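For reference, the structure is listed below as structure tokens.
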Amino acid sequence: MFSLYSGEFLQVSIKDLMIPSERVAHVQVGNSLEHALLVLTKSGYTAIPVLDPHYRLHGLISTPIIMDSILGLERIEFELLEEKRVEEAMNTDIPRINSGSTIQSSISHLVDHPFLCVEDSNGYFDGILTRRSLLQELEKLANQPKG
Ligand code: AMP
């Protein structure tokens, strides 16, 4: 068991805390914005990863991004939901972390992002590390008796 007081917590592996890719809701680059909105609404998540058929990470798509991309000058152009592809709207400027890294390297990113996408050493999507799972681990250690 790691100790919070020794600073070992920072050495915990990302792999140990992340949600593995098979449990992460995602969409594919070529999906329509309508499909992405459906997945986001049904899953209840604010943003989800965008992958290609080879499981490589391309970006993130969120409900605000989708709404912004169908916003016309005078009305919301709902018909664009069917026409536009996820890759036209997604945010590609996202932090990526490696599953072999330690928590230390991800903390500063988690200040600004509710979750981070994790890639393996070959650049394939491996899962996500959420701010919640980091805080849960911290809470566990903070409540552990000192010794
Ligand atoms: P949470 O910490 O569980 O509230 O999750 C924070 C954010 O991480 C969510 O709003 C989603 O954007 C993302 N997220 C968490 N779990 C998943 C999952 N299983 N699949 C896709 N995205 C997730």
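Does GLU34 satisfy the condition of being surrounded by fewer than 14 Cβ atoms within 10 Å (Cβ to Cβ), out of contact with any Cys (no Cβ under 8 Å at 6 or more places or on another chain) and outside any loop (DSSP other than H, G, I, E, B)? Quick ask: steps written out before the conclusion?
On the way: surrounded by fewer than 14 Cβ atoms within 10 Å (Cβ to Cβ): no; out of contact with any Cys (no Cβ under 8 Å at 6 or more places or on another chain): yes; outside any loop (DSSP other than H, G, I, E, B): yes.
When the stated conditions are applied, GLU34 does not pass them.
For GLU139, indicate whether it is open to solvent by 40 Å² or more (accessible area, probe 1.4 Å), within 16 Å of VAL12 (Cα to Cα) and acidic (Asp, Glu).
On the way: open to solvent by 40 Å² or more (accessible area, probe 1.4 Å): yes; within 16 Å of VAL12 (Cα to Cα): yes; acidic (Asp, Glu): yes.
When the stated conditions are applied, GLU139 passes them.
Being in a helix (DSSP H, G or I) and either open to solvent by 40 Å² or more (accessible area, probe 1.4 Å) or of a type in the set (Val, Ile, Thr) (or both) is the filter here; which residues of region 55-74 pass it? First the steps, then the outcome.
Of the residues in region 55-74, the ones in a helix (DSSP H, G or I) are 63-69.
THR63, PRO64, ILE65, ILE66, MET67, ASP68, listed by residue number.
Kindly list the number of the only condition in (1) within 16 Å of the ligand (Cβ to nearest atom); (2) surrounded by fewer than 12 Cβ atoms within 10 Å (Cβ to Cβ) that fails for VAL86.
So VAL86 meets the others, but not (2).
Check whether at least one residue in region 40-54 is in contact (Cβ under 8 Å) with a residue 60 or more places away in the chain, open to solvent by 60 Å² or more (accessible area, probe 1.4 Å) and within 14 Å of the chain's Cα centre (by Cα), and report yes or no.
Yes, the conditions are met somewhere in region 40-54.
May I ask you to list the residues in region 99-147 that are at pLDDT 95 or above, under 13 Å from MET18 (Cβ atoms) and in a strand (DSSP E or B)?
PHE115, LEU116, CYS117, VAL118, GLU119, PHE125, ASP126, GLY127, ILE128, LEU129, THR130
The values are calculated or read from the model by the stated rules, or taken from the named source; none is laboratory data. Predicted model, so just to flag it, every value in this text is computed and none were measured. Positions of Cβ are generated from backbone atoms using ideal geometry, with glycine treated the same way; all protein chains shown enter the neighbour counts. SASA here: full protein model, heavy atoms, side chains in, ligands and nucleic acids out. Shrake-Rupley method; radii C 1.70, N 1.55, O 1.52, S 1.80 Å.
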